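The values are calculated or read from the model by the stated rules, or taken from the named source; none is laboratory data. Here the structure is a predicted model, which is why all the values come from computation and not from measurement. Neighbour counts are summed over all protein chains in view; Cβ atoms, including those assigned to glycine, are modelled from backbone coordinates with ideal geometry. Remember, those area values only see protein heavy atoms, side chains included, never the ligands or the DNA or RNA. Shrake-Rupley method; radii C 1.70, N 1.55, O 1.52, S 1.80 Å.
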Amino acid sequence: MVTAPNKTSEITATRILIVEDEGIIAGHIASRLLKTGYEVAGIAESSEEALAKTEELNPELILMDIRIKGAMDGIETTAKLRERFDIPVIYLTAHTDQQTIDRAKVTGAFGFLTKPIHHTSLATAIEMAIHKHRADRSARHHRAWMATVLGTMADAMIVIDRDRAVQFLNGPAEALTGWRNEDAREQDISQVLPLEDPEAGIDATELLFPASLFPASGVQPASRIPRGLRASSRSGSSFPIEGEIAPSTDNGTVVGSVITFRDATIRQAEESELRQQHKMQAVGRLAAGIAHDFNNLLFLILGYTDEM
């Protein structure tokens, strides 16, 4: 490991692995990094050495030449690294043909520098990669935390974007719709949660989620799903649905909607039973009143008979 003196506390946290099979070029890059104030964790010449040193040294960033020694080139090596490690990679190359660029894109690299590399471009690319990687990691942690929180909700929840495409289903929503979160992503809400009004005989999905649901301004408050609607699951079964639809906003602009819902079968059965109980109580009160009036009438008749 090679370090440079007089580094700032922020830069000392960035340990960089150089993967370059040309010794002179690797030494030049290392020198540039040291002068800028970074820490060089090590230098690897082949794909196999890159994998081994990444595991051994745990760098915070990798500068990866595309043409290297070994069984794999730099792009294939990066793909392997991405499977095992969460470390940002910046490509170094003298070849900028479109095929190479297209191959590099799919590996999720954080930068692409063309040789010869200017020290200013190198420092800028490193700082941008580190910043983006930390932001991406924070976003992933936040999404995982939110998914855990939403997964503990008793109600089903579906999040859609302004184009009606599904972005997230929690566990209860998966159970009710029959869709897995992974399969439902980017599907239109009408496919994942089809709604119908049995009394009117119409598809209610388009009424609740029209194409103009999310205007650029004029944010609407949350609204209830109308009673009487039924939702269909992926298997074809249906259930009465109740719940709410709340717009999701970003700086005053509607960017989607959050749908919370539940199967209303049990509640409707309880309401029906309660209504039946009320009816029976009313009939009982009516019968008691009639019996009371009849007894009074009978008493009068019997009393009149006794006097005759």
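Do the conditions hold for K53, that is, is it modelled with pLDDT of 90 or more and basic (K, R)? Let's see the steps before the verdict.
On the way: modelled with pLDDT of 90 or more: yes; basic (K, R): yes.
Against the criterion (modelled with pLDDT of 90 or more and basic (K, R)), K53 qualifies.
For segment 29-52, which positions are under 35 Å from the mean Cα position of the chain (by Cα) and open to solvent by 50 Å² or more (accessible area, probe 1.4 Å)? Lay out the reasoning, then the answer.
To start, the set of residues in segment 29-52 that are under 35 Å from the mean Cα position of the chain (by Cα) comprises 47, 50-52.
Once the filter is applied, which keeps residues that are under 35 Å from the mean Cα position of the chain (by Cα) and open to solvent by 50 Å² or more (accessible area, probe 1.4 Å), segment 29-52 yields only A52.
Name the residues in segment 128-152 that are over 30 Å from R32 (Cα atoms) and either among the basic types (K, R) or in contact (Cβ under 8 Å) with a residue 24 or more places away in the chain (or both), would you? Steps first, please.
To start, the set of residues in segment 128-152 that are over 30 Å from R32 (Cα atoms) comprises 139-152.
Within segment 128-152, R140, R143 qualify.
Answer yes if at least one residue in segment 143-165 is charged (D, E, K, R), within 30 Å of T265 (Cα to Cα) and buried (at least 19 other Cβ atoms within 10 Å of the Cβ), and no otherwise.
yes
Mind checking which residues of segment 245-265 are open to solvent by 50 Å² or more (accessible area, probe 1.4 Å) and part of a strand (DSSP E or B)?
Those that are open to solvent by 50 Å² or more (accessible area, probe 1.4 Å) and part of a strand (DSSP E or B): T249, D250, T253, V255, R262, D263.
Restricting attention to segment 86-104, report how many residues are in contact with a strand residue (DSSP E or B) (Cβ under 9 Å, 6 or more places away or on another chain), open to solvent by 20 Å² or more (accessible area, probe 1.4 Å) and not hydroxyl-bearing (S, T, Y).
Of the residues in that region, 3 qualify.
Taking the stated definitions as given, is T107 touching a residue at least 24 places away in the same chain (Cβ under 8 Å), touching a helix residue (DSSP H, G or I) at 6+ places or on another chain (Cβ under 8 Å), open to solvent by less than 80 Å² (accessible area, probe 1.4 Å) and part of a helix (DSSP H, G or I)? It would help to see each step written out before you state the result.
On the way: touching a residue at least 24 places away in the same chain (Cβ under 8 Å): yes; touching a helix residue (DSSP H, G or I) at 6+ places or on another chain (Cβ under 8 Å): yes; open to solvent by less than 80 Å² (accessible area, probe 1.4 Å): yes; part of a helix (DSSP H, G or I): no.
Here the answer is no, as T107 does not meet what is asked.
Given the structure, is R180 loosely packed, with under 12 Cβ neighbours inside 10 Å and within 30 Å of A204 (Cβ to Cβ)? Step through it out loud before you land on a result.
Numbers: loosely packed, with under 12 Cβ neighbours inside 10 Å: yes; within 30 Å of A204 (Cβ to Cβ): yes.
When the stated conditions are applied, R180 passes them.
Name the pairs: first residue in segment 36-65 and farther than 23 Å from R137 by Cβ, second residue assigned to a strand (DSSP E or B) and of a type in the set (S, T, N, Q), Cβ to Cβ under 8 Å, at least 6 apart or on different chains?
D65/T93
Sort out which residues of segment 129-152 are in contact with a Gly (Cβ under 7 Å, 6 or more places away or on another chain) and modelled with pLDDT of 80 or more, and write them in order of number. Lay out the reasoning, then the answer.
So in segment 129-152, the residues in contact with a Gly (Cβ under 7 Å, 6 or more places away or on another chain) come out as 129, 151.
Selection gives A129 alone.
Could you please find all residues in segment 144-195 being under 17 Å from S257 (Cα atoms) and part of a helix (DSSP H, G or I)?
Selection gives M146, A147, L150, A173, N181, A184, I189, S190, Q191, V192.
Here are E186, E206, E174, E196: which of them is on the phi > 0 side of the Ramachandran plot and either acidic (D, E) or out of contact with any strand residue (DSSP E or B) (no Cβ under 9 Å at 6 or more places or on another chain) (or both)? Before you say what the answer is, go through the steps one by one.
On the way: E206 fails: on the phi > 0 side of the Ramachandran plot; E174 fails: on the phi > 0 side of the Ramachandran plot; E196 fails: on the phi > 0 side of the Ramachandran plot.
Among E186, E206, E174, E196, only E186 is on the phi > 0 side of the Ramachandran plot and either acidic (D, E) or out of contact with any strand residue (DSSP E or B) (no Cβ under 9 Å at 6 or more places or on another chain) (or both).
What single numbered condition from (1) without any contact (Cβ under 8 Å) to a residue 24 or more places away in the chain; (2) open to solvent by less than 60 Å² (accessible area, probe 1.4 Å); (3) assigned to a helix (DSSP H, G or I) fails to hold for A125?
For A125, the failing item is (1).
Please tell me if E174 is under 30 Å from R227 (Cβ atoms) and either aliphatic (A, V, I, L, M) or open to solvent by 70 Å² or more (accessible area, probe 1.4 Å) (or both). Can you show your working first?
Values: under 30 Å from R227 (Cβ atoms): yes; either aliphatic (A, V, I, L, M) or open to solvent by 70 Å² or more (accessible area, probe 1.4 Å) (or both): no.
So E174 fails the test.
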